[in-house]
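Report on one structure; see the data block that follows.
The values are calculated or read from the model by the stated rules, or taken from the named source; none is laboratory data. All figures in this text were calculated on a predicted structure; none of them were measured in a lab. Methodologically, a virtual Cβ is constructed for each residue, glycine included, from the backbone with ideal geometry; neighbour enumeration extends over all protein chains shown. Calculation scope for accessible area: heavy atoms of the full protein, side chains included, ligands and nucleic acids excluded. Shrake-Rupley method; radii C 1.70, N 1.55, O 1.52, S 1.80 Å.
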Amino acid sequence: MSFTTPPRPFDVTALFPQLAPLARTATRLHPRPGSPTVQDSSVGGPLLWPADEPWPYCDEPHDSRAAPVVHSPDDVRLLRHDRAAAAERRRLDPEAPQWTPEERATWERLADRPWFDGPIPLLPVAQLYARDVPFPRPPDADLLQVLWCPFDHEMAHPRTALFWRSSATVTDVLDAPPEPPIVQRDCYLPEPCLFSPEQVTEYPNPSELDKELQDQLDDMSRWETIDPARYNTYADDPGELYLNNLSTAPGWKTGGWTRWGLTDPKPRPCPECGTEQVPLLTIASLEWDGGSETWIAEEDRTDPSPPPLGAEDGNFTLIDIVGGYNLQLHACPADPSHPHIELVQ
């Protein structure tokens, strides 16, 4: 299924021509639950991983105090299945019990999963084929694979690892990669999803603009040619309108502009060569929120079926980064195989 972002409320470059040269193309990925194969671009799906290449592990220590209750990936899948069954039961019959005795027994049984000390196999997070999704890449690679350790490290989010490949060189695929015996948080296990890529135009976050243009965006008189009712529909003031609806798209995407929020913009020099890194992949907790509902795809607006459990705000992957933020991976445009930068915003 394809997804279509509605047109922006109006053309912001008609009011502010200085923005036109700053336009960048981002590719919204629109992940939706599915059954991906190794040949698909996906979230949480199987990877086109060579059978003769060792699977990566995290050898660093993991803090048991940060995770008083842990589950295995299979535990998480079972709990999600039971929660979805309970939600559907209650949707069809509001008087139905919230939990059956069998579901409650499962919860109690899985609450006793012991801690594990030792190397942790990384989890597949995303796989991107260049034929489906444009992204900065080494010239000999057409495939990007993103994995992470499902534990917090020095920052309160998983640590990612990137692998670049030429898919044509992978002839024998690893059938059953190892899984972590436990994960720190259920939301670090991605729900398998397929992508429906769509290109959109983005402009910089207001804090990345020069002071003169920032002041113009906040100047109500500069918006006088537009009926106030048109922008009051979307925001309390023009600055908020630009930030949430005219600059950067929410959700999973490649390319575009960095979506700042927790911090002011800061330099992102490549750790190896010093070149300023550019957005590669945004791993998002939500596809939209209360301030960015104009980005909801047309197909989601008209779909009469209830959303999957947990996806009421577009959280189709069931990933959560620090309580609803994005984990943005940046790559070196001079050589994307250089070490990448992680940024939570």
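GNM on the chain, alpha-carbon springs under 10 angstrom: the most fluctuating residue among Phe151, Phe116, Phe195 is Phe116. The 3J(HN,Hα) values that the Karplus relation (6.51, -1.76, 1.60; θ = phi - 60°) gives for the range 276-287 are, in residue order, 5, 7, 10, x, 9, 9, 9, 9, 9, 6, 10, 7 Hz. Gly and Pro appear as x. Going by a ≥ b ≥ c, the root eigenvalues of the Cα gyration tensor, does the chain fall in the rounded group (a/c under 1.5), the prolate group (a/b larger than b/c) or the oblate group? The shape class here is oblate. Give me the percent of the accessible area of the chain that comes from carbon and sulfur atoms, probe 1.4 Å, all protein chains in place. Carbon and sulfur together cover 52 percent of it.
Using the Cβ of Leu194 as centre and a radius below 12 Å, the other residues enclosed give a net charge of -2, where K and R count +1 and D and E count -1. For the chain, averaging the sequence separation of C-alpha pairs within contact (under 8 Å, six or more residues apart) and dividing by the residue count gives a relative contact order of 25 percent. Within a Cβ distance under 13 Å of His81, other residues only, what is the Lys/Arg minus Asp/Glu net charge? Net charge around His81: -4. Counting other Cβ atoms within 10 Å, which GluC sites (Glu not before Pro) in the range 243-337 have at most 14 and lie in a DSSP loop? Those satisfying the criteria are Glu272, Glu312. Residue by residue, the range 118-123 carries 3J(HN,Hα) couplings of x, x, 10, x, 6, 9 Hz when phi is fed to the Karplus relation 6.51 cos²θ - 1.76 cosθ + 1.60 (θ = phi - 60°); x denotes Gly or Pro. Relative to the dominant Cα principal axis of the chain, helix 73-92 is inclined by about 70°.
At a probe radius of 1.4 angstrom, the accessible area of the chain per residue rounds to 47 square angstrom. Calculated FRET efficiency, Thr225 and Ser35, Cβ-Cβ r, R0 35 Å, to nearest 0.05? Given R0 = 35 Å and the Cβ-Cβ separation, E is 0.10. Springs between Cα atoms under 10 Å define the GNM used for the chain, and in it the highest mean-square fluctuation of Asp142, Asp227, Asp112 occurs at Asp227. The alpha carbon centroids of the range 40-74 and the range 279-345 are separated by 20 Å.
Computed from Cα positions, the angle between helix 101-110 and the longest principal axis of the chain comes to roughly 90 degrees.
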